[in-house]
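The values are calculated or read from the model by the stated rules, or taken from the named source; none is laboratory data. Keep in mind it's a predicted model, so treat the numbers as computed, not measured. Every residue, glycine as well, gets a Cβ built from its backbone with ideal geometry; the counts of neighbours run over all protein chains shown. Calculation scope for accessible area: heavy atoms of the full protein, side chains included, ligands and nucleic acids excluded. Shrake-Rupley method; radii C 1.70, N 1.55, O 1.52, S 1.80 Å.
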Amino acid sequence: MTRKWIPKTFEEACKRASGRRRYHAQRRRARDKRQLLVMDILLQLKWQHYGVGRILAEALSVDPATISRDIKDILKWRASFLTGRGVLGEKFVDAVIQRLVATGIHPRRVYSWTYNYNQGIQSLTIRRR
């Protein structure tokens with residue numbers, strides 16, 4: 001049976017909350033780094049993800065369910081990016097994803113992109129806001 005945590009003082013409650021925020025921030029940063037790595041690998045495999053999850057999970061020392069969830073989130077984000085930008089195709093979206101991975105910006109973070117288009121993409125710039 002687990003013991004309930006009951007704070008004795010307000011300061012004790014604040015310290016616990018601060019520690020929990022720090023712990024969860026570290027986990028979010030680790031998740032974002034892992035997802036950028038998975039995104040890069042999926043991009044190189046041209047988004048063919050069948051059978052890759054277990055290999056990635058073993059290589060990254062996480063549970064296969066974690067990688068499966070990461071892949072699902074990444075594919076969902078990519079699909080929404082494709083439908084949200086209607087005019088542009090998969091090549092452009094993949095170019096944006098490639099630049100995001102190269103600069104280390106997770107799609108969940110705020111970023112902006114600019115491009116010059118003349119019979120194909122001539123330049124594409126991604127930056128944090």
The chain - Debye-derived log10 I(q)/I(0), Cα point model, q = 0.16 Å⁻¹: -0.87
Angle in degrees between helix 10-44 and the longest Cα principal axis of the chain, rounded to the nearest 10: 30
As computed over the stretch 35-80, the Cα convex hull volume per residue (Å³): 62
Net charge of Cβ neighbours under 9 Å - reference Thr103; Lys, Arg +1; Asp, Glu -1: +3
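Please report, in whole Å³, the volume per residue of the convex hull around the C-alpha atoms of the stretch 1-42.
Values: hull volume 2.8 nm³, N = 42.
About 67 Å³ per residue, rounded to a whole number.
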Within the accessible area of the chain (1.4 Å probe), percent carbon and sulfur: 52
Per residue value of the accessible surface for the stretch 1-92 (all protein chains in place, 1.4 Å probe), Å²: 79
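Quick check on the chain: helices-only [θ] at 222 nm, where DSSP H runs of length 4 and up contribute -39,500 (n - 2.57) each and the sum goes over total residues. Nearest 500, please. Intermediate results must be reported in sequence, preceding the final value.
Working: 4 runs with 79 residues, N = 129.
Value at 222 nm, helices only: -21000 deg cm²/dmol.
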